[in-house]
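J.: Please find one structure pasted underneath; my questions will follow.
Every number here is computed from the coordinates shown, using simple stated rules; none is lab data. Worth saying up front: this structure is predicted, and the values here are computed from it rather than measured. We place every Cβ from the backbone using ideal geometry, glycine too, and count neighbours over all the protein chains shown.
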Amino acid sequence: MKDFKSSVVYQIYPKSFNDSNGDGIGDLNGVIEKLDYLKELGIDYIWLTPFYISPQKDNGYDVADYYNIEPMFGTMEDFQNLIKEAEKRSIGIMLDMVFNHTSTKHQWFKNALKGEEKYKNFYIFKEGKKEKAPTNWKSKFGGSAWEYVEEFNEYYLHLFDVTQADLNWDNEEVRNEIYKVVKFWLEKGVKGFRFDVINLISKPEVFQDDENGDGRKFYTDGPNIHEYLKELNLKTFGKFKEVITVGEMSSTTVDNCIHYSNPQENELSMVFNFHHLKVDYENGNKWTLMDFDFKMLKNLFEKWQEGMEKGDGWSAVFWCNHDQPRIVSRIGNDKKYHKESSKMLATTIHMMRGTPYIYQGEEFGMPNPYFDKIEDYRDIESINYYNILKNKGVHEDKILEILKSKSRDNSRTPMQWNQEKNAGFTSGTPWISIGKSYKKINAEEALKDNDSVFYHYKKLIALRKKYPIISQGDFKMILEESKEVFGYTREYKNQMLLVLNNFYEKETEIEIPALLLENHKKVVTLITNYLSSDDLKEKIVLRPYESIVYYIEK
Ligand code: GLC
Ligand code: CA
């Protein structure tokens with residue numbers, strides 16, 4: 001049995017991973033073809049984003065049938081085959097469960113629209129206020145969170161796209177339907193679940209306007225959230241001790257996340273939070289251009305690492321996923337220091353307290369694609385915001401600059417396998433264009449080069465298996481004042497890790513706190529991103545994006 005604390009999860013966005021039949025869309029058989037590659041990397045679990053029946057308005061996060069597979073991704077037989085082939089390589093499959101909403105094409109919603117009371121109660125229909133929506137809440141994809149339905153003279157709630165109607169978790173029948181879905185997939189041999197925006201499922205009793213926000217304060221970590229997660233656990237995966245779970249928590253707090261993931265609470269194994277990925281949002285607004293705020297990043301890491309540890313909670317630690325731009329383009333340097341910065345960012349995450357997640361392509365430093373026309377974009381959120389910014393009078397060039405750095409499509413371009421046509425992703429026409437860097441930055445090149453980003457990730461994963469301190473150690477930030485370096489220690493029994501990461505191109509000298517230099521029995525440099533690095537001493541010079549991990553025994 002795997003222990004989730006010493007495991008590493010690899011995220012696959014099937015649509016963009018590997019196309020086995022030339023229709024331009026990645027599929028389940030395409031994943032099977034690449035299992036040996038993932039085995040080589042050393043990961044323990046694959047998290048697959050949704051491949052269920054869906055009109056694909058939000059690339060599968062708009063589910064129309066939870067029990068069947070969208071034909072372009074393959075068949076149930078392909079899926080069972082994937083489970084079996086993955087198992088042979090000791091890789092567990094984790095599924096993405098989208099239960100905050102369904103597609104408006106789901107049979108439940110169709111029945112609701114026909115006026116069937118039972119199904120209307122599956123969703124959140126409310127009367128408006130004098131020709132106006134029930135509340136002033138905003139959809140996370142822009143515009144109102146309510147859609148008017150003329151036949152009923154009522155509105156339904158959609159926190160995301162208008163084709164994603166929010167489910168009514170206060171209705172026990174809904175909850176039971178959801179538990180059935182989870183059990184169905186458990187019986188197929190699934191080893192874990194990622195629950196999409198799960199902390200938004202519990203809506204308030206009274207719906208009211210938000211005077212100073214978009215409404216999120218009323219439904220984020222909502223009133224019955226912990227009760228519902230406990231019930232979900234008890235009625236489904238709780239009995240399967242080896243199954244791991246991770247909740248995607250939007251705009252959450254440390255206290256709630258402790259509650260979600262502390263083992264005594266019987267809710268989830270771990271949680272994602274996104275605060276550290278908002279450090280380049282000007283005044284909290286994503287659709288702006290801003291350099292990342294390093295001080296803020298450090299403070300957030302410290303707050304979450306130390307806070308979660310104190311409350312015995314557990315985090316998923318990560319930089320990248322299908323909703324985030326590529327980290328090497330965002331915080332690293334995808335030109336001159338592509339390798340160094342990719343590796344430094346990897347070390348930063350993998351040595352922290354939590355379970356690391358790697359998003360497809362991150363393991364060889366895939367950068368943003370740098371699209372320069374709106375026609376290249378596919379993502380609903382990006383296209384909505386393109387229109388919103390246009391209507392606000394923002395210049396086209398400026399909007400394209402913003403999308404180039406902020407769009408979710410930055411992570412959704414096809415996996416760059418090799419330098420051949422379409423980066424080896426498909427023999428047909430890819431559903432979204434290939435990134436510009438694929439001739440140089442691709443999996444095949446990375447596998448040929450001993451010093452590649454890929455082998456750095458591989459080593460980080462191997463170290464986690466060898467040194468319990470990496471999963472078990474206590475976290476403490478050091479060098480608080482440094483404007484360039486994020487440093488921290490981990491402590492476990494008589495051992496210590498000292499982790500130093502230079503986030504900038506500038507060379508910088510740091511002074512190691514005297515306490516950390518005393519009484520060593522043994523000091524080893526575990527991993528660095530240069531051919532060799534300074535030994536541990538009072539003053540250390542860190543070169544551009546240099547990252548060093550010392551292992552110390554006292
Ligand atoms: C999550 C998913 C994202 C999706 C949204 C709505 O944030 O990661 O891709 O658009 O939920 O389901
Ligand atoms: Ca295909």
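J.: Roughly how tilted is helix 380-391, in degrees to the nearest 10 and between 0 and 90, from the longest Cα axis of the chain?
T.: It is inclined by approximately 80 degrees.
J.: Same structure, new question: Going Cα to Cα from Lys88, which aspartates and glutamates come in below 14 Å? Please leave out same-chain ones fewer than 8 positions away.
T.: Correct list for Lys88: Glu33, Asp36, Glu40, Asp44.
J.: How much length, in nm to one decimal, is gained on full extension between Glu509 and Ser532, taken as 0.36 nm per residue of separation minus their Cα-Cα distance?
T.: Difference between extended and current length: 6.6 nm.
J.: Would you give the gap between the C-alpha center of the range 402-448 and the C-alpha center of the range 352-397, rounded to a whole Å?
T.: Each part reduced to its Cα centre gives a spacing of 14 Å.
J.: So in the chain, what percent of DSSP beta bridges are antiparallel if you round to the nearest 5?
T.: Looking only at bridges with both residues in the chain, the antiparallel portion is about 65 percent.
J.: Could you order peptides 309-320, 350-361 by the average number of other Cβ atoms within 10 Å of their residues, highest first?
T.: Result, highest mean first: 350-361, 309-320.
J.: If the limit is 28 Å between Cα atoms, which of Lys105/Lys140; Lys15/Lys404; Lys5/Lys239; Lys339/Lys404; Lys241/Lys339 go over it?
T.: Lys241/Lys339
J.: How high is the relative contact order of the chain, given as a whole-number percent (alpha carbon pairs under 8 Å, six or more residues apart)?
T.: 13
J.: Right, next: What angle do you read, to the nearest 10 degrees and between 0 and 90, between the alpha-carbon axis of helix 225-235 and the longest principal axis of the chain?
T.: Here the helix axis deviates by roughly 90 degrees.
J.: Sticking with this structure for a sec: Based on the mean of other beta carbon atoms within 10 Å per residue, what is the order of 394-406, 52-64, most packed first?
T.: Result, highest mean Cβ count within 10 Å first: 52-64, 394-406.
J.: If you don't mind, another one. What relative contact order, as a whole-number percentage, does the range 473-553 give when Cα pairs under 8 Å and 6 or more residues apart are counted?
T.: 33
J.: List the aspartates and glutamates whose Cα sits under 13 Å from the Cα of Lys180, skipping any in the same chain fewer than 8 residues away.
T.: Qualifying aspartates and glutamates at Cα under 13 Å: Asp65, Glu172, Glu231.
J.: Another one. Cα to Cα, under 16 Å, and not fewer than 8 places away if on the same chain: which aspartates and glutamates meet these conditions relative to Lys126?
T.: Straight-distance partners of Lys126: Glu116, Glu117, Glu147, Glu150, Glu151, Glu154, Asp166, Asp170, Glu205, Asp209.
J.: Now a separate question. Could you run the Karplus curve 6.51 cos²θ - 1.76 cosθ + 1.60 with θ = phi - 60° over the range 363-379 and give me ³J(HN,Hα) per residue in whole Hz, x for Gly and Pro?
T.: 5, 10, x, 4, x, 4, x, 6, 5, 10, 9, 5, 4, 6, 7, 10, 5
J.: Any chance you could run the full-extension gain for Gln208 through Asn153? It's 0.36 nm times the residue separation minus the Cα-Cα distance, nm to one decimal.
T.: 17.9 nm
J.: Quick check: the distance between the Cα centres of the range 457-522 and the range 262-317, to the nearest angstrom?
T.: The range 457-522 and the range 262-317 have Cα centres spaced 19 Å from each other.
J.: Which part of the range 108-143 falls in the paramagnetic zone of Glu173, meaning amide N under 15 Å from the point 7 Å along Cα-to-beta-carbon?
T.: Within reach of a label on Glu173, which here means backbone N under 15 Å from a point 7 Å along Cα→Cβ, the range 108-143 contributes 108-125.
J.: Roughly what would the spin-label model give for Glu481 and Tyr370, points 7 Å off Cα along C-beta, in nm?
T.: 3.9
J.: Any idea how far the Cα center of the range 136-205 sits from the one of the range 1-38, in Å?
T.: Rounded to whole Å, the Cα centres lie 27 Å apart.
J.: So, with +1 on the Cβ of K and R and -1 on the Cβ of D and E, and no other charges, what is the size of the charge dipole of the chain about its Cα centre, to the nearest 20 debye?
T.: Approximately 1040 debye in magnitude.
J.: Work out the length of the dipole vector of the range 107-166 about its Cα centre, built from +1 on the beta-carbon of each Lys and Arg and -1 on the beta-carbon of each Asp and Glu, and round it to the nearest 20 debye.
T.: Roughly 180 debye for the range 107-166.
J.: Rounded to the nearest 0.05, what FRET efficiency do Phe240 and Val541 have when you use their Cβ-Cβ distance and R0 = 60 Å?
T.: In this case the efficiency is close to 0.75.
J.: Output the 0 to 90 degree angle, nearest 10, between the alpha-carbon long axis of helix 76-88 and the longest principal axis computed from the alpha carbons of the chain.
T.: Helix 76-88 sits roughly 20 degrees off the main axis of the chain.
J.: In the chain, with Lys and Arg counted as +1 and Asp and Glu as -1 at Cβ, which of these residues, Ile527, His276, Ala64, has the Cα nearest the positive end of the dipole, that is, farthest along it?
T.: Of the candidates, Ile527 comes out farthest on the positive side.
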